[in-house]
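Trainee: Dropping a structure here in structure tokens format, bear with me for questions.
The values are calculated or read from the model by the stated rules, or taken from the named source; none is laboratory data. Fair warning: this is a prediction, and the values are worked out from it, not measured in the lab. Using ideal geometry, Cβ is built from the backbone for each residue, glycine included, and neighbour counts are taken over all protein chains shown. With ligands, DNA and RNA removed, areas are computed over all heavy atoms of the protein, side chains included. Shrake-Rupley method; radii C 1.70, N 1.55, O 1.52, S 1.80 Å.
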Amino acid sequence: MVDSVYRTRSLGVGATGLKDQYADGKAARVWQSYIGDTSTRTAHYRHWMRDLLKHYRVDSVFDVACGTGIDSIVLLEEGFSVTSIDASDKMLKHALKTRWQRRKEDAFDKWVIEEGNWLSLSESEIEIPGSGFDAVICLGNSFPHLPDFRGDQADQKLALSNFYDVLKPGGILIIDHRNYDEIIKTGKLSQSKNIYYNSKDTLLKDIQTSVLYVNGKPTMVTLDYIIGAEDSTCSVDRADPSKFRLSYYPHQVDNFTVLLHDTFGSDANHEIFGDFKPYVKNSSESPFFFIHVIQKPLSKNTTEGTA
């Protein structure tokens with residue numbers, strides 16, 4: 001295990017099953033303070049997501065990386081039916097609190113929130129509508145949290161296969177990852193403004209980046225976030241910042257494309273966006289995030305079915 005020689009996560013983080021990197025609770029509180037609530041989601045991101053889902057005539061959405069609920073809440077407010085899971089109960093408690101506070105709103109009263117593991121979705125009690133969900137979303141650089149300690153990406157392939165299985169024919173998976181190509185190339189993470197939310201950048205002191213190589217291959221990126229929290233419940237403040245470490249498998253855009261096509265088929269309808277704009281390979285622009293939109297074929301012999 002890499003973890004025996006290199007600490008991949010903050011102390012208190014669960015070490016079995018699908019890693020809960022927020023298990024100590026403090027990281028979840030600090031992260032929630034940093035990203036804020038749904039009002040901090042950039043309007044551009046909110047509109048991009050809404051328009052994309054409407055283009056594919058989506059009604060039911062399965063948010064498999066719910067976290068504190070920020071994306072699920074946005075989608076509920078936009079009129080979508082949402083089921084949400086996360087492996088971290090410490091993160092989910094923020095979503096559950098919001099559901100309770102807004103329970104008199106019909107969409108929130110019907111919001112399904114469960115703990116869930118990507119590697120065992122087939123064994124879960126999540127209710128799948130009809131022939132499957134119209135869309136599965138896995139955003140916020142969540143998928144790279146899944147490590148590849150064995151070096152064969154078996155867990156990544158299993159998770160993607162499980163996402164595929166809960167989609168209806170013609171349904172879409174929306175999944176993202178940071179631009180790890182650039183991080184590996186430069187050895188650091190750009191601290192330019194986050195494209196997803198108008199985060200409280202005054203709270204962010206620093207992000208320290210480490211790239212771990214095994215046999216010459218980048219196998220892990222760790223980010224040490226140093227954040228001063230403005231909320232006393234986080235037990236830290238601007239003068240006493242909180243430091244916690246998150247680790248990621250560094251998916252590079254070409255390799256991740258192959259991974260997706262191995263699950264959905266090489267002919268599947270697949271779009272790649274760089275910071276919400278269609279990605280043009282070898283462009284002079286270097287996006288902060290890659291967002292993949294790939295469609296489950298209507299049948300084994302066709303990938304048509306876009307709206």
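Trainee: Kindly provide the set of residues from the range 270-286 that are farther than 27 Å from Ser161 by Cβ and assigned to a loop (DSSP other than H, G, I, E, B), ordered by number.
Mentor: Hits for the range 270-286 are Asp275, Phe276, Val280, Asn282, Ser283, Ser284, Glu285, Ser286.
Trainee: Let me ask something else about it. Out of the range 254-273, which residues are at pLDDT 95 or above, in contact with a His (Cβ under 9 Å, 6 or more places away or on another chain) and more than 16 Å from Cys138 (Cβ to Cβ)?
Mentor: His261, Ala268
Trainee: Considering the range 43-58 alone, what residues qualify as being assigned to a loop (DSSP other than H, G, I, E, B) and either without any contact (Cβ under 8 Å) to a residue 40 or more places away in the chain or of a type in the set (D, E, K, R) (or both)? Working first, answer last.
Mentor: Restricting attention to the range 43-58, the residues satisfying the condition of being assigned to a loop (DSSP other than H, G, I, E, B) are 56-58.
Hit for the range 43-58 is Arg57, nothing else.
Trainee: Residue check: is Asp267 open to solvent by 50 Å² or more (accessible area, probe 1.4 Å), closer than 25 Å to Tyr164 by Cβ and assigned to a loop (DSSP other than H, G, I, E, B)?
Mentor: So Asp267 fits the description; yes.
Trainee: Suppose we filter Leu146, Leu96 for residues that are surrounded by fewer than 22 Cβ atoms within 10 Å (Cβ to Cβ) and either among the polar types (S, T, N, Q) or in contact (Cβ under 8 Å) with a residue 40 or more places away in the chain (or both); which single one remains?
Mentor: Leu146
Trainee: Moving on. What residue, among those in the range 274-290 that are open to solvent by less than 20 Å² (accessible area, probe 1.4 Å) and either more than 19 Å from Pro144 (Cα to Cα) or not small (Gly, Ala, Ser) (or both), is modelled with the highest pLDDT?
Mentor: Once the filter is applied, the top-ranked residue is Phe290.
Quick grid of which residues meet (1) part of a strand (DSSP E or B); (2) modelled with pLDDT of 90 or more:
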| site | (1), (2) |
| --- | --- |
| Leu119 | no, yes |
| Gly130 | no, no |
| Asp148 | no, yes |
| Asp155 | no, yes |
| Tyr164 | no, yes |
| Gly170 | yes, yes |
| Ile175 | yes, yes |
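Trainee: Being more than 20 Å from Lys296 (Cβ to Cβ) and touching a residue at least 24 places away in the same chain (Cβ under 8 Å) is the filter; apply it to the range 121-141 and report the residue that is most open to solvent (accessible area, probe 1.4 Å).
Mentor: Gly140
Trainee: I'd like to know if the range 225-248 contains one or more residues that are open to solvent by 40 Å² or more (accessible area, probe 1.4 Å), modelled with pLDDT of 90 or more and within 30 Å of Tyr164 (Cα to Cα). Full working, then the answer.
Mentor: Here is the first cut: in the range 225-248, the residues open to solvent by 40 Å² or more (accessible area, probe 1.4 Å) are 230-233, 235, 237-241, 243, 245.
The next check asks that each one be modelled with pLDDT of 90 or more; those that pass are none.
No, the conditions are met nowhere in the range 225-248.
Trainee: Follow-up. If you check every pair at least six apart or on different chains, which have Cβ atoms under 8 Å apart with a residue in the range 173-190 that is in contact (Cβ under 8 Å) with a residue 60 or more places away in the chain and over 19 Å from Asn282 (Cβ atoms) first and a residue that is open to solvent by less than 10 Å² (accessible area, probe 1.4 Å) and of a type in the set (Gly, Ala, Ser) second?
Mentor: Short answer, once both residue conditions are applied: Leu173/Ala135; Ile174/Ala135.
Trainee: Within the bounds of the range 59-81, is there any residue that is in a loop (DSSP other than H, G, I, E, B) and at pLDDT below 55?
Mentor: no
Trainee: Pull up the range 84-110, narrow it to residues that are basic (Lys, Arg) and assigned to a loop (DSSP other than H, G, I, E, B), then point me to the one that is farthest from Asp63 (Cα to Cα).
Mentor: So, considering only residues that are basic (Lys, Arg) and assigned to a loop (DSSP other than H, G, I, E, B), the one farthest from Asp63 (Cα to Cα) is Lys104.
Trainee: Here is a check on your reading of the model: is Arg9 assigned to a helix (DSSP H, G or I) and either modelled with pLDDT under 55 or surrounded by 15 or more Cβ atoms within 10 Å (Cβ to Cβ) (or both)? Give the steps one after another, and end with the answer.
Mentor: Numbers: assigned to a helix (DSSP H, G or I): no; either modelled with pLDDT under 55 or surrounded by 15 or more Cβ atoms within 10 Å (Cβ to Cβ) (or both): yes.
The answer is no for Arg9.
Trainee: Do you know which of the residues in the range 177-191 that are in a loop (DSSP other than H, G, I, E, B) and touching a Ser or Thr at 6+ places or on another chain (Cβ under 8 Å) is surrounded by the most Cβ atoms within 10 Å (Cβ to Cβ)?
Mentor: Asn179
Trainee: Only one of (1) closer than 19 Å to Gly140 by Cα; (2) in contact with a helix residue (DSSP H, G or I) (Cβ under 9 Å, 6 or more places away or on another chain); (3) of a type in the set (A, V, I, L, M) fails for Val58. Which number is that?
Mentor: (1)
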